[in-house]
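> The following block contains the structure, expressed as structure tokens.
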Amino acid sequence: MRLLFAALAVGALLAPAAPAAAFCGFYVAKADAKLFNDASKVVMVRDADRTVITMVNDYVGDPKDFAMVIPTPVVLKREQIHIGRAADVSHLDAYTAPRMVEYFDSNPCRPHVLYDAAPAPTTGATQLRKEKAATRSRGVTIEAQYTVGEYDILILSAKESDGLQLWLDENGYKTPPAAKPILASYIAQGMKFFVAKVNLEAKAKAGGEFLRPLQIAFNSPKFMLPIRLGTANARGKQDLLLFTLTRTGRVETANYRTAKIPSDLEVPLFVQKEFGKFYKALFSRAVSKESGRAVFTEYAWDMGWCDPCAADPLSNDQLRRLGVFWVAKGGRSRRGVDVFVTRLHVRYDAKTFPEDLRLTETGDRKNFQGRYITRHHYKGDLACAAGDAYRRRLAQRWEREARQLATLTGWDVAEIRAKMAASGQDLKLLPKEKPWWEQLWD
Amino acid sequence: MTDAAYDSPAPSVEKTRTRRPAGAPAPLLAPLRDPRYGQIAAQALLISFGVLALGFNLSPLAALAAAAGALVAEYLGRWAQGRAFDPLSPLITAGSLTLLFRAEPLWLFALAGLLAVGSKFLIRMGGRHIFNPAALSLFILPLTFGGAWLSPGQWGALGLAAIAIAGVGSVVAGRAARLDTTLAFLAAWAALSFGRALYFGDPMSIPIHQLQSGAILVFAFFMISDPATTPPTRAGRILHAVAVAGLGFWLQTSWITNIGPVWALIFAAPLVGVLRIVAQPRPKET
């Protein structure tokens, strides 16, 4: 039996804007899509009505059970379908991920980098099974049929959802009941369907562990991402990371509120060690603050540079492979490259996101990133004249960090204080104050 | 005769346009009972709410730039017409712009204000302006400058924001005697949204979500309700509102624009101008 894994939609992270000015911290950790279960990643390249979509599915399971149905605005030709490299998308994910930086009170320019090693991608390995295309007419027209890489691809158009659903059922796809009205709606809107399943023979030949991303390129005035079928799987809330690569500026949703993830906030030192946990809690809290109905910007930046860099900017070749047709081949992106990247993170279900995402490109080129700051206190002798004042400032700062972290994540503030003390952020651990008269006769 | 946008206190907007006798002192500000004060206050509240509570991507300087552009155009236009300067109408136009318009270099806000109010004096038919000033800038600038855009989704479906806009806006529009336009537009827009969902078999959560759009409410309460560019009779206004809703809905669902009603208002304006001339003889000039 096959699973109809019908979704473009996955969880996404948006980048909060951090002013690059005055940055002098060190990048220590990032929170990329691997943190979020069920997070799909979609890269969308858009200029005028030219669109290239790269879909990385998070499918985990037997490849023969894999199938994906995606509504598309147009009938796609063989040449419009391509297999991309998951590594390019992972790189883009890493480049745009929310990040942690650290400063040192005494010598802020001494590098001290704790780089969280990124775990290997966990995309499920798959095998493939070849399927005969059913030819029975159910009011379903097979507009085209291709084998691209390890995928068998059918382009369908249908007159009514009953026929399409029957056809899918008869051809071994198990469609969730909730998908039917959604299919009907897309049919009424004249959308076509792109059905991909794994060709097991081709998959065996191609080798490799996991399913590679599918890419489609087309012209359409519809700058949108269909997410409704993704809600039919009834897996609860899902996370979608949408990366857009455009020329003009930041992308936002026109039919949902786009909010910036809280950013540029100082948090206690121990958060360095549990940055993933921290960011997940922060994101969940941000989602509920918006009643689950907002899309979050986690990153918006000119592709030419970064500060701090969670990963290098993508090379021109990588960008071209992702569909950025307007950059020249070869070379590395330089400052001023004509590509603006936006990372949007959506956590959605049918209730909070009833409609597909309608996107709009803005003229906003202000850089923004999800950035969280840790500060190491000075650990040397505090017996100088300013030592007492520093000690008092430190007490205030640590208390502020504790409260801020509690607000951001919903964690218990007493527990936070205990963890801070355990990680050295404790006034008792500072060098003892000398009696004032000792300093008097120095 | 004067041009129209909220130039005089409602409900006598249509009939009491008179020139001030030569030599009479011209007070800079209209009397406090003028409903335009309420409108300006409502817009200021909404803008503040957006910036402070919703984190709008909007600097206070942008609002000032839009207001400055509008005031300058109003001043110059009035001066050319030999009439006294009145800052209220251009401020309302600047407020509407600030609610919906976004641009990256700040001067685009000033240009938006200048173009909006300038069009009142430059594009005229039968002695009055034909385009809703703010809508004209919202239509033209994003098509012309990459750095100018509209953010219709900014308000989100925040129920509170919607209620705030609707509540504050309705009072204001009511005093401006143009609530009929607003309600007719909203009713038509709602009917189209629900009708489309029924036709496509979509869940009602979709039209309900669509109706919680802050941009639609801002348009309904602050733009289409402008007495200057809507038909003078109630039947005409309702017909106009329904037509704008229909055309706007089509433009939006056909992916031609994300802000269909604004475009529809612009496209319908010349027709309204012609109908005004045909349906209502111009009042005598003094």
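The values are calculated or read from the model by the stated rules, or taken from the named source; none is laboratory data. Since this is a predicted model, take the numbers as computed values, not measurements. We place every Cβ from the backbone using ideal geometry, glycine too, and count neighbours over all the protein chains shown. Note: accessible area is taken over every heavy atom of the protein model, side chains too, but ligands, DNA and RNA are not part of it. Shrake-Rupley method; radii C 1.70, N 1.55, O 1.52, S 1.80 Å.
> If I go through the stretch B:244-262 residue by residue, how many of them are within 14 Å of chain A (Cβ to nearest Cβ) and open to solvent by 30 Å² or more (accessible area, probe 1.4 Å)?
Count: 7.
> Within the stretch A:264-282, does at least one residue satisfy the condition of being open to solvent by less than 20 Å² (accessible area, probe 1.4 Å), basic (Lys, Arg) and modelled with pLDDT of 90 or more?
no
> Any chance the stretch A:259-274 includes a residue that's facing another protein chain (nearest Cβ under 8 Å) and not hydroxyl-bearing (Ser, Thr, Tyr)?
Yes, there is a match, as at least one residue in the stretch A:259-274 is facing another protein chain (nearest Cβ under 8 Å) and not hydroxyl-bearing (Ser, Thr, Tyr).
> Based on what the data block shows, is residue B:62 under 30 Å from residue A:262 (Cβ atoms), within 14 Å of another protein chain (Cβ to nearest Cβ) and open to solvent by 10 Å² or more (accessible area, probe 1.4 Å)?
No.
> Of A:178, A:217, which residue is open to solvent by 10 Å² or more (accessible area, probe 1.4 Å) and under 25 Å from the mean Cα position of the chain (by Cα)?
After applying the criteria, what remains is A:217.
> Can you find even one residue in the stretch A:384-404 that is farther than 30 Å from residue A:236 by Cα, aromatic (Phe, Trp, Tyr) and either within 14 Å of chain B (Cβ to nearest Cβ) or outside any strand (DSSP E or B) (or both)?
yes
> Now, a different point. Contact list please: Cβ distance under 9 Å, first residue in the stretch A:78-98 and among the charged types (D, E, K, R), second residue part of a helix (DSSP H, G or I) and open to solvent by less than 40 Å² (accessible area, probe 1.4 Å), pairs at least six apart or on different chains.
Sorted first by the residue in the stretch A:78-98, then by its partner, the pairs are A:85/A:318; A:88/A:318; A:88/A:319; A:93/A:33.
> Just a yes or no: is a residue in the stretch B:142-152 among the hydroxyl-bearing types (Ser, Thr, Tyr) and within 14 Å of another protein chain (Cβ to nearest Cβ)?
Yes - at least one qualifying residue is present in the stretch B:142-152.
> Same structure again: How about the stretch A:365-374: which of its residues are outside any strand (DSSP E or B) and away from chain B (no Cβ under 13 Å)?
Within the stretch A:365-374, A:370 is the sole residue that qualifies.
Condition check ((1) within 14 Å of chain B (Cβ to nearest Cβ); (2) under 30 Å from residue B:59 (Cβ atoms); (3) in contact with a Ser or Thr (Cβ under 8 Å, 6 or more places away or on another chain)) across all residues:
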| position | (1), (2), (3) |
| --- | --- |
| A:346 | yes, yes, no |
| A:360 | yes, yes, yes |
| A:363 | yes, yes, yes |
| A:414 | no, no, no |
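> So, one more: Tally up the residues in the stretch B:201-228 that are open to solvent by less than 10 Å² (accessible area, probe 1.4 Å), in a helix (DSSP H, G or I) and not hydrophobic (A, V, I, L, M, F, W, C), please.
Within the stretch B:201-228, residues that are open to solvent by less than 10 Å² (accessible area, probe 1.4 Å), in a helix (DSSP H, G or I) and not hydrophobic (A, V, I, L, M, F, W, C) number 3.
> Consider residue A:144 carefully, then state whether it is closer than 30 Å to residue A:325 by Cβ, open to solvent by less than 30 Å² (accessible area, probe 1.4 Å), assigned to a helix (DSSP H, G or I) and more than 14 Å from every other protein chain (Cβ to nearest Cβ).
No; evaluated as a whole, the condition is false for this residue.
> I'd like to know if the stretch A:203-212 contains one or more residues that are buried (at least 22 other Cβ atoms within 10 Å of the Cβ) and within 11 Å of another protein chain (Cβ to nearest Cβ).
No, the stretch A:203-212 has no match at all.
> Can residue B:139 be described as open to solvent by 10 Å² or more (accessible area, probe 1.4 Å) and either within 14 Å of another protein chain (Cβ to nearest Cβ) or closer than 20 Å to residue A:249 by Cα (or both)?
Yes.
> Is it true that residue A:350 is part of a loop (DSSP other than H, G, I, E, B) and within 14 Å of chain B (Cβ to nearest Cβ)?
yes
> Moving on. For the structure I just gave you, tell me whether residue B:133 is within 14 Å of chain A (Cβ to nearest Cβ) and either open to solvent by 10 Å² or more (accessible area, probe 1.4 Å) or modelled with pLDDT under 95 (or both).
no
> So, one more: Given the structure, is residue A:305 hydrophobic (A, V, I, L, M, F, W, C), in contact (Cβ under 8 Å) with a residue 60 or more places away in the chain and on the phi < 0 side of the Ramachandran plot?
For residue A:305, the condition - hydrophobic (A, V, I, L, M, F, W, C), in contact (Cβ under 8 Å) with a residue 60 or more places away in the chain and on the phi < 0 side of the Ramachandran plot - is not met.
> Shifting gears a bit: Search the stretch A:226-254 for residues being farther than 21 Å from residue A:180 by Cβ and away from chain B (no Cβ under 12 Å), and hand back the single one that is most open to solvent (accessible area, probe 1.4 Å).
Here the answer is A:237.
> Failed condition for residue A:263, given (1) part of a loop (DSSP other than H, G, I, E, B); (2) in contact with a Phe, Trp or Tyr (Cβ under 6 Å, 6 or more places away or on another chain), with all others met?
Failing condition for residue A:263: (2).
> A further question on this structure: Residue check: is residue A:279 within 11 Å of another protein chain (Cβ to nearest Cβ) and among the aromatic types (Phe, Trp, Tyr)?
So residue A:279 fails the test.
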